[in-house]
Amino acid sequence: MKRLIAYFRLNRLNTDIDMRIGSVILWGITLLLYVVFVSSQNVESRSPNTSIMSLTMCAAQFSKMNKRYSRRRNLYTIPTRPTRRPRYTSVARSPCPNSGRLFRTADGFCNNILRPSLGQSFERFKRFRRANYNGRKGLPRIFGRCRRVGTRRCVRRLLPSARTVSTVIHPEVKTQSIGTVMRMQWGQFLDHDFTAAAVEQPESARTCCEQAASNPRIFRGTDDCFPIRIPQTPTPDRFFKQTCLELVRSRAIDANFTRRNPREQQNLLTSFVDASNVYGSDQETQDRLRAANGRMKTSAGNLLPRGRDEDCIRGPNAPFCFDAGDERVQVFPGLTALHTLFVRIHNDIVEELSQHNANWNGERLFQETRKIISAIMQRITYLEFVPEVLSEPTIKKFGLDEGNFKYDITIDPSIANVFATAVFRYGHSLIPNFLVIDGKQVASRQLFNNPEFIFTSLTSLVENLVSNPAELRDRFLTEEITDHLFETDEGSFDLASFNIQRGRDHGLPPYNSFRRFCGLRRVTSFSDPVFGNGGRFLARVYKNVDDMDVFAAGMVEESEEGSTLGPLFSCLMARQFRDLKFGDSFWYETRDRRRGFSFAQRRSIRRITLSQLLCQGFGLKSVQRNPFQVVRAGNLEVDCSRFPKIDLSPWYEH
Ligand code: HEM
Ligand SMILES: [Ca+2]
């Protein structure tokens, strides 16, 4: 025991010293760079256009997080290769404390005490199937299956352009469901709790298409560029006039690739469902977002705190951009609304707990409340959201229902590459082409990155989220995101093309390979019944069934009975959600007294529902019991006064 304490102290001390030296050097370098930068810029060259343009490049949205990554490498020198990652075979040798009261670390470190970096932010995505790149240097997958002609020669044919796949397989067709826009919105909010792939530094972001103009080989991908070719022949593109769409590659976590250690991508977030979208995925962000006495920072009107001006595109009524635990907070106002909700509920809980636990200091108030909020995030996700997506038999098979939790230290809770890069992007097909705000239809293209309506019409916006039907999950995506994503005077983007191109950038093997992982039979024909009527569209773009990109073909699959997804995506999603539950030692149902809750506390958490939070956080008058489905028989509106308040009495110490 003494040895363990000594080891831990030593470890912390070293880290502290490293941090101090690191931060002095870092500040020095930052100051120097800043002076050089300011002196080399004049005021005009920092015009709003520059920042908006860099913001509209989705890649550049992560610039702040990217910078933090480099800093963290300097300060903590965390090993990044799994082969070299320390694996502690006994608890006594682990650097993780395992006594006293425990709360999650900001970055997820030590959730798994034997392999402390599992699920930690800034670590690699795991893989369900081996990577499939074009060669050993980790260049993107651009060729289909090799086909032998004649006796020996093997001809490799280029895959279709991602834009061609997008226009043929993912056009806009309206298909309303009984699900509300809230279903889409929770999906995106949740996504921002567990996945954000780091991209190469944005400095290179604006040059990939420029380079490709003089050297078409760039379209085949380089270390950091993978622009999308927009075919204009034999027929011109339905929308884009240019021949190139900018795409910067996701950053390689380690530059030395070998066959056994291929190019891997990096997840900037904690993989756990732990509300890191509210608090941040590292200590620095958490500290920035915290206020005194356990509270979270807010701004006038009980809104999110002020962020950097270049973080959003401000409409005429938005005085500033917001700051939150995930940088993409203002990508869509419905998302900003959910961020606001959770900060408000956090502060409500702190308020009540501080009245009943006068001896708790700010740190204790903050951590206990953060723990409750993480539990709420898990509970709503698994008990309300997942049943909207997966069928009951799948939920049972993977143990995603309530009451059967047993932590398994051997499970890797990291996010799988295919989950982030294809499966969980299914939500893009639920995006509506407009919201109704204050009685007026506002096209989605006017809402991307625009926080204006949070300042002027928050209640109306939330009422619309729970009443407006969302699109069905199918292969169809609205043109608001396939032609008008992040639209400005300077151009726009296509999200479906990004999804496909990103899969190739990450070296995702094709669709059939993942079917095999799931124990599903290999598809041998485009007219396979699993694709319903959609197979012929796949046949129009792919030459071979073994070439199909996993996003495109997975989205063409017909939904399974009682599920929003087809068999492949159901399996991959269930598997990921299983890992996130049974691989999380802080799971809200754990019986570990240091990490979990008391029986009475768990009972309280079990009673919390999204509808109740919406009532409390937005002052609504009424809302249906299940806000993920439209009001109808069996899901009637309930007066908000009838929802009980969160019962915090099990946390009172006096
Ligand atoms: C208005 C709504 C949305 C917009 C504007 C949006 C936009 C984007 C953009 C620009 C990317 C990066 C694409 C790339 O460069 O690879 C992305 C990634 C992603 N989106 Fe969405 N999205 C929306 C809604 C959703 C929803 C509803 C879900 C899920 C239910 C979702 C899940 C994802 C996932 C999993 C990623 C990958 C994140 C990563 O690992 O980096 N998105 N989205
Ligand atoms: Ca997280």
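The values are calculated or read from the model by the stated rules, or taken from the named source; none is laboratory data. What you are looking at is a predicted structure, and each value in this text was computed from that prediction instead of being measured. Methodologically, a virtual Cβ is constructed for each residue, glycine included, from the backbone with ideal geometry; neighbour enumeration extends over all protein chains shown. All accessible areas refer to the heavy atoms of the entire protein, side chains included, with ligands and DNA or RNA removed. Shrake-Rupley method; radii C 1.70, N 1.55, O 1.52, S 1.80 Å.
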Take the conditions open to solvent by less than 40 Å² (accessible area, probe 1.4 Å) and either more than 16 Å from ligand 2 (Cβ to nearest atom) or among the hydroxyl-bearing types (Ser, Thr, Tyr) (or both) and apply them to residue 341. Does it pass? yes
Filter the range 138-185 for residues that are of a type in the set (A, V, I, L, M, F, W, C), within 16 Å of ligand 1 (Cβ to nearest atom) and under 29 Å from residue 253 (Cα atoms); the one that is surrounded by the most Cβ atoms within 10 Å (Cβ to Cβ) is 162
If we scan the range 287-299, do we find a residue that is more than 28 Å from residue 359 (Cβ to Cβ) and either more than 16 Å from ligand 1 (Cβ to nearest atom) or not in a loop (DSSP other than H, G, I, E, B) (or both)? yes
Close pairs from the range 232-247: first β-branched (Val, Ile, Thr), partner surrounded by fewer than 19 Cβ atoms within 10 Å (Cβ to Cβ) and at pLDDT 95 or above, Cβ under 8 Å, at least 6 apart: 243/231; 243/232
Is the range 545-555 home to any residue that is farther than 25 Å from residue 419 by Cα and surrounded by fewer than 19 Cβ atoms within 10 Å (Cβ to Cβ)? no
Listing of helices (runs of 4 or more DSSP H) fully contained in the range 546-654 that carry 3 or more residues being over 23 Å from the mean Cα position of the chain (by Cα): 599-606, 610-618
Go through the residues of the range 232-244 one by one and say whether even a single one is surrounded by 20 or more Cβ atoms within 10 Å (Cβ to Cβ) and within 19 Å of the chain's Cα centre (by Cα). no
Return yes or no: is residue 434 within 13 Å of ligand 1 (Cβ to nearest atom) and more than 26 Å from residue 538 (Cβ to Cβ)? yes
Residue pairs, Cβ under 6 Å, 6 or more apart or interchain, first in the range 103-114 and within 16 Å of ligand 1 (Cβ to nearest atom), second open to solvent by 30 Å² or more (accessible area, probe 1.4 Å). List them. none
Pick out, from the range 450-507, the strands (runs of 3 or more DSSP E) lying fully within it that include 3 or more residues that are farther than 30 Å from residue 614 by Cβ and not charged (D, E, K, R). 491-493
Here are 294, 301, 315: which of them is more than 20 Å from the chain's Cα centre (by Cα), of a type in the set (Gly, Ala, Ser) and more than 30 Å from residue 469 (Cβ to Cβ)? 294
Residue 211 vs. criteria modelled with pLDDT under 95 and touching a strand residue (DSSP E or B) at 6+ places or on another chain (Cβ under 9 Å): yes
How about the range 281-314: which of its residues are crowded, with 23+ Cβ neighbours inside 10 Å and not hydrophobic (A, V, I, L, M, F, W, C)? 281, 282, 285, 294, 311
Filtered residues of the range 429-445 (kept if in contact (Cβ under 8 Å) with a residue 24 or more places away in the chain and out of contact with any Ser or Thr (no Cβ under 9 Å at 6 or more places or on another chain)): 443
If I filter the range 210-224 for residues that are surrounded by 17 or more Cβ atoms within 10 Å (Cβ to Cβ), part of a loop (DSSP other than H, G, I, E, B) and in contact with a Ser or Thr (Cβ under 9 Å, 6 or more places away or on another chain), do I get at least one hit? yes
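Would you confirm, using the coordinates I've provided, whether residue 564 is touching a residue at least 12 places away in the same chain (Cβ under 8 Å) and closer than 22 Å to residue 466 by Cβ? I'd like the intermediate steps shown before the answer.
On the way: touching a residue at least 12 places away in the same chain (Cβ under 8 Å): yes; closer than 22 Å to residue 466 by Cβ: yes.
Yes.
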Looking at the range 254-274 only, could you name the residues that are in a loop (DSSP other than H, G, I, E, B), under 22 Å from residue 579 (Cβ atoms) and either open to solvent by less than 10 Å² (accessible area, probe 1.4 Å) or touching a strand residue (DSSP E or B) at 6+ places or on another chain (Cβ under 6 Å) (or both)? 264, 268, 269, 270, 271, 272, 273, 274
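Name the one entry in 161, 166 that is over 24 Å from the mean Cα position of the chain (by Cα), closer than 27 Å to residue 475 by Cβ and in contact (Cβ under 8 Å) with a residue 12 or more places away in the chain.
Exactly one residue qualifies, and that residue is 161.
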From the options 589, 561, residue that is more than 26 Å from residue 147 (Cβ to Cβ) and open to solvent by less than 20 Å² (accessible area, probe 1.4 Å): 589
Mind checking which pairs have a first residue in the range 266-280 that is farther than 8 Å from residue 193 by Cα and among the hydrophobic types (A, V, I, L, M, F, W, C) and a second that is part of a helix (DSSP H, G or I) and within 13 Å of ligand 1 (Cβ to nearest atom), Cβ under 8 Å, 6 or more apart or different chains? 268/62; 268/65; 268/66
Within the range 344-359, the residues that are open to solvent by less than 20 Å² (accessible area, probe 1.4 Å) and either without any contact (Cβ under 8 Å) to a residue 60 or more places away in the chain or touching a Pro at 6+ places or on another chain (Cβ under 7 Å) (or both) are 347, 350
Candidate set from the range 404-427 (those that are among the aliphatic types (A, V, I, L, M) and touching a strand residue (DSSP E or B) at 6+ places or on another chain (Cβ under 7 Å)); member that is nearest to ligand 2 (Cβ to nearest atom): 415
Does at least one position in the range 427-435 carry a residue that is farther than 24 Å from residue 508 by Cα and part of a strand (DSSP E or B)? yes
Can you tell me which condition residue 278 does not meet? The list is (1) in contact with a Gly (Cβ under 6 Å, 6 or more places away or on another chain); (2) open to solvent by 30 Å² or more (accessible area, probe 1.4 Å), and all the others hold. (2)
Hits in the range 395-425 - residues which are among the small types (Gly, Ala, Ser), within 30 Å of residue 500 (Cβ to Cβ) and either away from ligand 1 (no atom under 16 Å from the Cβ) or outside any loop (DSSP other than H, G, I, E, B) (or both): 416, 420
From the list 614, 610, pick out the single residue that is open to solvent by less than 90 Å² (accessible area, probe 1.4 Å) and touching an Asp or Glu at 6+ places or on another chain (Cβ under 8 Å). 610
Under 7 Å between Cβ atoms, which residue pairs at least 6 apart in sequence (or on different chains) link something in the range 597-612 that is without any contact (Cβ under 8 Å) to a residue 40 or more places away in the chain with a partner that is among the basic types (Lys, Arg) and surrounded by 12 or more Cβ atoms within 10 Å (Cβ to Cβ)? 611/625
